[in-house]
Amino acid sequence: MKKTEVIERLLPKVTAASASVEHFAPSNIALCKYWGKRDQALNLPVNASLSISLDYLGSFTRVEPVENGVDEVWLNGHQLLPSSRFSQKVSAFIDLFRRDQDLHFKVDTRNNIPTAAGLASSASGFAALTLAMNDALALDLPPEHLSVMARMGSGSACRSLFTGFVEWEMGVREDGLDSHGVQLEQTWPGFCIGLVEIDAGEKATDSRSGMQRTVETAHLYQSWPLQAAADLSKLQQAIAERDFELLGQTAEQNALSMHATMIASWPPLLYWQPESVAAMQKVWQLRAQGMQVYFTMDAGPNLKLLFQQHDRAELLQHFPTLETVEPFGN
Ligand code: ADP
Ligand code: DP6
Ligand code: CO
């Protein structure tokens, strides 16, 4: 279905924008990954996914109406050229909200995580922009519709509207109105995520084209939906029972399975650097010594460690620069 038809069902027509609003949205890390679309225009996924939101790490986005007939986009304090891909994606997303109205905005966004490095900046970025547009246009959308809007900016953004553990239900509708994030009620005090930064630079292949290439060229991808479905139920069980070993094993295997489909694409897609592999081996070594630490990785060279608060001090000795987040406190 066309985006414009979906928007007709979702948003009221707007006529005016209010002064200046700012919103924050967290980045999120998938434990069961979203990899592959059944509808590229609407970002409808092939499989359901499950993530954890990163608390204070994410995007702050301010929008305010401007009179000069074009959108102005600022990232981390610098104005971007209107012809840049970043600006164009932001403007195309704002088009969904403004429809044919002559409304333009200054968008000033700041990421406190690296941009386009596999740390889910597209998730926090489009979630924060959705919240800001919702306010600027006084749309008053319910959470699941905010999530649907954010999804159309970047799939993973539909999970960043919520905190804690979030499932993205894939939905069955053609218009995608049932494909959005749902916050799980469970919490997990002491659950920690650690970011191992290998390279904060912009990746050569963005997630969008990476997943499309995988779907189109990797035979191995055929097994992915089955793997993802099995992993999703294991993760739900692990969260319900606070079974850390089951959670860690499932998340790590899920991530490596996704990377296997990437490597099996043509041209091959390998987001890892030698230091990424060294960090994986260090995690396996620590596990062999009895520590419950696991990793997950997205479309980038950086690792995200999953561990528990009581192992934090010892883990920091092995990964001294680890940035840690405790989404549920300790
Ligand atoms: P990541 O792993 O960081 O999510 P992606 O390749 O998925 O990398 O997406 C990166 C793209 O997300 C950027 O090129 C830009 O288009 C968009 N993006 C990143 N941060 C923001 C932001 N704060 N506001 C709007 N869009 C953003
Ligand atoms: C590997 O949501 O960034 O991080 O929908 O095309 O914008 P688009 O892609 P994006 O893909 C994220 C892929 C992933 C896995 C995940 O976050 O679930
Ligand atoms: Co992304």
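The values are calculated or read from the model by the stated rules, or taken from the named source; none is laboratory data. Bear in mind that the values here come from a model prediction, so they are computed numbers and not experimental data. Every residue, glycine as well, gets a Cβ built from its backbone with ideal geometry; the counts of neighbours run over all protein chains shown.
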(message) Is it the case, given these coordinates, that A157 is touching a helix residue (DSSP H, G or I) at 6+ places or on another chain (Cβ under 7 Å), of a type outside the set (S, T, N, Q) and within 13 Å of ligand 2 (Cβ to nearest atom)?
(response) yes
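Which members of the stretch 235-249 meet the condition of being over 14 Å from K33 (Cβ atoms) and assigned to a helix (DSSP H, G or I)?
Within the stretch 235-249, the subset over 14 Å from K33 (Cβ atoms) is 236-249.
If the condition is that a residue be over 14 Å from K33 (Cβ atoms) and assigned to a helix (DSSP H, G or I), then Q236, Q237, A238, I239, A240, E241, F244, E245, L246, L247, G248, Q249 are the ones that fit.
Kindly indicate whether any position in the stretch 231-240 is assigned by the TED database to the domain that holds D298, surrounded by fewer than 16 Cβ atoms within 10 Å (Cβ to Cβ), out of contact with any Lys or Arg (no Cβ under 9 Å at 6 or more places or on another chain) and not small (G, A, S). Talk me through it step by step, then tell me what you get.
Just the residues of the stretch 231-240 that are assigned by the TED database to the domain that holds D298, to begin with: 231-240.
Checking which are surrounded by fewer than 16 Cβ atoms within 10 Å (Cβ to Cβ) leaves us with 233, 237, 240.
Next cut, out of contact with any Lys or Arg (no Cβ under 9 Å at 6 or more places or on another chain) only: 233, 237, 240.
Retained after the next criterion (residues that are not small (G, A, S)): 237.
Yes, some residue in the stretch 231-240 is assigned by the TED database to the domain that holds D298, surrounded by fewer than 16 Cβ atoms within 10 Å (Cβ to Cβ), out of contact with any Lys or Arg (no Cβ under 9 Å at 6 or more places or on another chain) and not small (G, A, S).
Matching residues to (1) buried (at least 18 other Cβ atoms within 10 Å of the Cβ); (2) of a type in the set (V, I, T); (3) over 28 Å from P268 (Cα atoms):
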residue	(1), (2), (3)
E174	no, no, yes
L177	no, no, yes
I193	yes, yes, yes
E216	no, no, no
Y221	yes, no, no
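Any idea which of L103, L81, L96 is touching a Leu at 6+ places or on another chain (Cβ under 9 Å), more than 16 Å from ligand 2 (Cβ to nearest atom) and over 14 Å from T115 (Cα atoms)? Steps first, please.
On the way: L81 fails: touching a Leu at 6+ places or on another chain (Cβ under 9 Å); L96 fails: more than 16 Å from ligand 2 (Cβ to nearest atom).
Exactly one residue qualifies, and that residue is L103.
So that you can scan it fast, the table gives a plain yes or no per residue for (1) closer than 19 Å to T115 by Cα; (2) out of contact with any Phe, Trp or Tyr (no Cβ under 9 Å at 6 or more places or on another chain); (3) not assigned by the TED database to the domain that holds F24:
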position	(1), (2), (3)
F165	no, no, no
L177	no, yes, no
A200	yes, yes, yes
D206	yes, yes, yes
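So for the stretch 43-51 (the condition being among the hydroxyl-bearing types (S, T, Y) and out of contact with any strand residue (DSSP E or B) (no Cβ under 8 Å at 6 or more places or on another chain)), does at least one residue qualify? Before the answer, list the steps.
If we filter the stretch 43-51 for residues that are among the hydroxyl-bearing types (S, T, Y), which is where we start, we get 49, 51.
Filter again for out of contact with any strand residue (DSSP E or B) (no Cβ under 8 Å at 6 or more places or on another chain), leaving none.
No, there is no match, as no residue in the stretch 43-51 is among the hydroxyl-bearing types (S, T, Y) and out of contact with any strand residue (DSSP E or B) (no Cβ under 8 Å at 6 or more places or on another chain).
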(request) Would you confirm whether any residue within the stretch 136-150 is in the same structural domain as P12 (by the TED database) and within 14 Å of ligand 1 (Cβ to nearest atom)? (result) yes
(message) Name the single residue that is modelled with the highest pLDDT among those in the stretch 94-146 being of a type in the set (A, V, I, L, M), surrounded by fewer than 24 Cβ atoms within 10 Å (Cβ to Cβ) and within 16 Å of ligand 3 (Cβ to nearest atom).
(response) I113
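Here is a yes/no grid of residues against (1) within 11 Å of A25 (Cα to Cα); (2) within 16 Å of ligand 2 (Cβ to nearest atom); (3) not basic (K, R):
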residue	(1), (2), (3)
P114	no, yes, yes
A120	no, yes, yes
A123	yes, yes, yes
T130	yes, yes, yes
N134	no, no, yes
H145	no, no, yes
G153	no, yes, yes
(request) Take the stretch 108-128 and flag every residue that is small (G, A, S) and on the phi < 0 side of the Ramachandran plot. (result) A117, S121, S122, A123, S124, G125, A127, A128
(message) For the stretch 188-200, check the following and say yes or no: at least one residue is more than 14 Å from ligand 1 (Cβ to nearest atom) and either charged (D, E, K, R) or free of Cβ contacts under 8 Å to residues at least 40 places away in the same chain (or both).
(response) no
